[in-house]
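The structure appears right after this line, and notes come after that.
Just so you know, all these numbers are worked out from the coordinates, no wet-lab data involved. Owing to the predicted nature of the structure, the values given are computational and were not obtained by experimental measurement. Because the Cβ atoms are built from the backbone with ideal geometry, glycine has one as well, and the counts that use them run over all protein chains shown.
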Amino acid sequence: MSAPQIERREFLKFSLAAGGGLLIGFSLPGADMFATAQAQSTTVFMPNAFLRIGTDDRVTVIVNHSEMGQGVYTALPMLLAEELDADWNKIGFESAPVDPKYNHPVFGMQITGGSSSVWSAFEQYRKAGAAARGMLIAAAAQQWNVNPATLRTDSGAVFDGTNRKLTYGQLAEAAAKLTPPAEVTLKDPKTFKLIGKPVKRLDTSEKINGKAVFGLDVKMPGMLTAVVARPPIFGATMKSFDDSRARTMPGVRKIAAVPSGVAVIADSFWQAKMAREALHVDWDDSAMRTFSTNQMMQQFREQAKSPGTNVRREGDPDAAFAQAAKKIEAVYEVPYLPHAMMEPLNCAVDLRADTCEIWTGTQFQTVDRANAAKIAGLPPERVQIHTTYLGGGFGRRANPQSDFVVEAVHVAKVAGAPVKVVWTREDDMQGGWYRPAFLHAIAGSIDSNGNPVSWRSRLVGQSIFAGTMFEAMMKGKEYDPASVEGVDDLPYAIPNLAVESHKADVKVPVQWWRSVGHSHTGFATECFIDELAVLAQKDPYQFRRALLPKHPRHLAVLDLAAQKAGWGKPLPKGRARGIAVHFAFESYNAQVAEVSVDDGKIRVHRIVSAVDCGRYVNPGIIAAQLEGGAIFGASAALFQEFTFENGRLQQTNFHTFPMMRMNECPEIETHIVENNEKSGGIGEPGVPCTAPAIANAVFAATGKRIRKLPIRMTEAV
Amino acid sequence: MLSFIVNKQRVNLDVDPSTPLLWVLRENLGLTGTKYGCGMAQCGACTVHLNGEAVRSCVAPVSRAAGKEVTTIEGLSPDLSHPLQRAWIAEDVPQCGYCQSGQLMSAAVLLREKPQPTDEDIDEAMTGNICRCGTYPRIRKAIHRAAGMMTKGEAR
């Protein structure tokens, strides 16, 4: 590449040719909707942390959750706009800075996770909108010298009985002088105009014209780009490195050791990557150099032969099993899985003597700021995180150690200039923090009438919480709740039931992955209940129904999915259906998958997914999350695994870690149960049922049981 | 000095000709709508048009663009008026949005070649583009919708 000054000249020339402005600076999510500078100049009314109203009638909603595809930049503004009686066409959004004001009201920190954004914001954002509306009405009442109780609001304006009108923009200055009300009255849900409607997403325009700014798109004046050479095996450390060739390469500014490896800092990404390839690093041996997942799973199988820590116990499952008429034992296995967001990890840092500004797509602002502050040697208040769009998250961008943020601050300390650390796809996949591999050994039995009498699940796998700042969430328990969620609350009426957990002492970094423990407990439990149904010679759907008398919401989604899928109706030759139901993140989901198996190859033709997530905000977004959840689950069921040999990960990129693609994608139908229950989650609940529904359908089609993911017919039993 | 056209503007650049077109677009020209996903032509996030053909810019050396015309997502339309963009809005296609530039650029070539694509045509043209969020069903609907708009003469 050319010297930096020429690059800059070219850069400037192009930017002028393109009309200017295009390349200078960047803007955060939503800014494309109306120029930020202009919006700010007209902003006069900011009644609370969650909105601003300008004299131009624009309402900007400040969103305290990260937009990673799940639609919070639409759903949260809908909540606020509903109570504000705003004109939806004048609504914009912005990502919140890090500030305790924006903490998750339940989790006590700024975080996007646990499928909790909408339910946690449900009252928070409505109250913010209602408070602003009250002040705007009071301002109009003052201006007209009338009783505020005689006024009404609609589409961004206050009206009196004679239809005199003042827009929110016209009232903004006067409203700003008033004191926010101590208490607000929220609307009767029957009068909702936006909540519950399939309102179009606000972020679509900038995601289809190239203007949406993701972390990778961040550019600052004088910014350098770094890649880091990280150890090839977890736990290895850098012994020495030889950069004699790399440091002479074009554009290279600095090569330096950082705690996670060796940072190669250059004018551009490609220069940094080329130089990293020319770098020679000697890594210290790691205890994991002989690690293999085959051996690990063998060890898990051994562990499962002995009793584990008691998680749940009712009756005497061992005695009942010994005496039962018919019994079955099965071992289910799932592999390590990466989140594999389409946007690989990255983080840009501008570190100064007394401030540290960070631009990145993160799900974990409070934790990241605290961790970054320690490295920067600054108080947390001197560190600001600007949350960009996230090119997918799925849990990876909420890292308990803030790995990608902390590393970038370390790199910034040696760079001496604003710097963006970019992870290649291979870096991202090999960088750790996977869904843990798990084994479920299940023993179950039925009586002579085909009624289940016992169920014992033994789980073996790594804890996500142990050893992190979230260990406290284990509440002194001997097991990790994130390991057993979804089996510890098995809903089926079975008189003798045990759930036991074994810890796995493995050093692969593991983390929450879309649907966390449910991603494997849903698979194991819903496949095993299917095996029991077949043992009892009963229809798998009816068998489940009979065991759910105390779980009407499970039943409702099960019935809805079965009915919409045409359960029991004839199918074209070679096709069969499988069913699954699961409760996760306060929502209920059931899915029916329709598959055929031809020459060992599985084709999923159709998935019908029914959800009960209580009171919902945007049914369009719910449908999208169910579609995406099923595809995410199907990718894991059919194609995906991470395996290790000699400590080295065997998969590196999409050619060895395949994703479901357009030509493999089934038709997906989604249905929502209508009720007024408390809102549940939607980002994750659509994932757990897909793998068992497919696996059960494969059994129905072939008579072969799937007990290991990803599904391989050669391993079916 | 390399010279080529990007979104109807001529650019002259002094860059290492082996640099992938993707990084020249993103870093030298500031056109960050084109995304990096895999670096080995596996995911399609970096799809742009080179003389009207869909290419994976992450593996195309910038020298391949010399004297040619490149169109990126920023050049698909100046105002979201391309039938595909209108259909993408109507079907609420994007979730995280990261892969969508590549999806649109692949779909644009498909629609030009086959104004009335079948599902099989869509499979063939779009299978090189990965979406981790799982927007495929909506992409399929949106392509059909855009084809419908073009038939009705709503195209610009």
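Can you flag which of A:Lys569/B:Lys114; A:Lys211/B:Lys8; A:Lys219/A:Lys254; A:Lys550/A:Lys704 are past 27 Å Cα-Cα? Where the Cα-Cα span goes over 27 Å, the pairs concerned are A:Lys569/B:Lys114; A:Lys550/A:Lys704.
Could you please rank A:Lys90, A:Lys197, A:Lys475, B:Lys8, placing first whichever residue has the fewest other Cβ atoms within 10 Å of its Cβ? Please report the intermediate quantities before stating the final value.
Details: A:Lys90 21, A:Lys197 15, A:Lys475 7, B:Lys8 11.
Ranking A:Lys90, A:Lys197, A:Lys475, B:Lys8 by Cβ neighbours within 10 Å, fewest first, gives A:Lys475, B:Lys8, A:Lys197, A:Lys90.
Loop-located trypsin sites (Lys or Arg not before Pro) in region A:266-330 (DSSP state not H, G, I, E or B) with no more than 12 neighbouring Cβ atoms inside 10 Å: A:Lys305. In degrees between 0 and 90, to the nearest 10, how far off the longest principal axis of chain B does helix B:136-151 point, with axes built from Cα atoms? With rounding to tens, the tilt is 80 degrees. Apply 1/(1 + (r/R0)^6) to the Cβ-Cβ distance of B:Ala90 and B:Glu69, taking R0 = 35 Å, and write down the FRET efficiency to the nearest 0.05. E(calc), rounded to 0.05, equals 0.75. Each of A:Thr309 and A:Phe159 was given a label point 7 Å from its Cα along the Cα-to-Cβ line. The distance between the two points is 6.1 nm. Amide H contacts of A:Ile672 (H built 1.01 Å from N, in plane; Pro and chain starts excluded): A:Val611 sit under 5 Å, all sequence-distant by 5 or more or on other chains. Between rounded, prolate and oblate, where does region B:83-151 land on the alpha carbon gyration tensor, with a ≥ b ≥ c its root eigenvalues, rounded for a/c under 1.5, else prolate if a/b exceeds b/c? Oblate is the answer for region B:83-151, as a/c is 1.5 or above yet b/c matches or exceeds a/b.
Per residue, chain A reaches -9000 deg cm²/dmol at 222 nm when only DSSP H runs of four or more residues are counted, each adding -39500 (n - 2.57).
Computed packing ranks the peptides A:69-79, A:256-266, A:676-686 as A:69-79, A:676-686, A:256-266, most packed first, by mean other Cβ atoms within 10 Å. Take every DSSP beta bridge whose two residues both sit in region A:36-201; close to 70 percent of them are antiparallel. Sequence-ordered 3J(HN,Hα) estimates for region A:336-341 from the Karplus curve with 6.51, -1.76 and 1.60 and θ = phi - 60° stand at 4, 9, x, 6, 6, 4 Hz, glycine and proline given as x.
Relative to the longest principal axis of the Cα atoms of chain B, the long axis of helix B:100-113 makes an angle of roughly 70 degrees. Counts of other chain beta carbons within 10 angstrom of each beta carbon in peptide A:266-278 average 3. Each other residue within a Cβ distance under 13 Å of A:Lys704 adds +1 if Lys or Arg and -1 if Asp or Glu, for a net charge of +1. Averaged over peptide A:62-72, the number of partner chain Cβ atoms lying within 10 Å of each residue's Cβ comes to 2. When the Cα convex hull of the protein assembly as shown is projected onto planes of every orientation, the mean area is 37.4 nm². The order of A:Asp350, A:Asp56, A:Asp217, going from fewest to most other C-beta atoms within 10 Å of their C-beta, is A:Asp56, A:Asp350, A:Asp217. The mean number of partner chain beta-carbon atoms within 10 angstrom of a residue's beta-carbon across peptide B:10-17 is 5. Taking the number of Cβ atoms within 10 Å of each Cβ as an exposure proxy, the fewest-first ranking of B:Leu13, A:Leu202, A:Leu626 is A:Leu202, B:Leu13, A:Leu626.
The three principal axes of the C-alpha atoms in chain B carry coordinate ranges of 45, 31, 24 Å, sorted with the longest axis first.
Membrane-span-like helices in chain A, defined here as complete DSSP H runs extending at least 24 Å along the helix axis by their C-alpha atoms with mean Kyte-Doolittle hydropathy no lower than 0.0, are A:117-144, A:518-535, A:619-638; this is a sequence and geometry rule, not a statement about a membrane. For region A:509-581 versus region B:40-112, the inter-centroid distance based on Cα atoms is 40 Å. Rounded, prolate or oblate, given the Cα gyration tensor of region A:433-546, with a/c below 1.5 counting as rounded? Here region A:433-546 falls in the prolate category. Cross-link reach is defined here as a Cα-Cα straight distance under 13 Å, omitting same-chain residues fewer than 8 places apart; for A:Lys200 the aspartates and glutamates meeting it are B:Glu91, B:Asp92. Distance between the 7 Å Cα→Cβ label points at A:Met713 and B:Thr118: 2.5 nm.
For region A:256-414, the Cα gyration tensor yields ellipsoid semi-axes of 45, 22, 15 Å (square root of five times each eigenvalue, largest first, whole Å). Kirkwood radius and radius of gyration were both taken over the C-alpha atoms of region B:1-85, and their ratio Rg/Rh is 0.94. Rounded to the nearest 5, what is the percent of antiparallel bridges among the DSSP beta bridges in the protein assembly as shown? Beta bridges within the protein assembly as shown, antiparallel portion: roughly 75 percent. Helix content alone sets the calculated 222 nm mean residue ellipticity of chain B: runs of n ≥ 4 DSSP H residues at -39500 (n - 2.57) each, divided across all residues, give -9000 deg cm²/dmol.
For region A:36-201, the alpha-carbon coordinates run over 48, 37, 31 Å along the three principal axes, in decreasing order.
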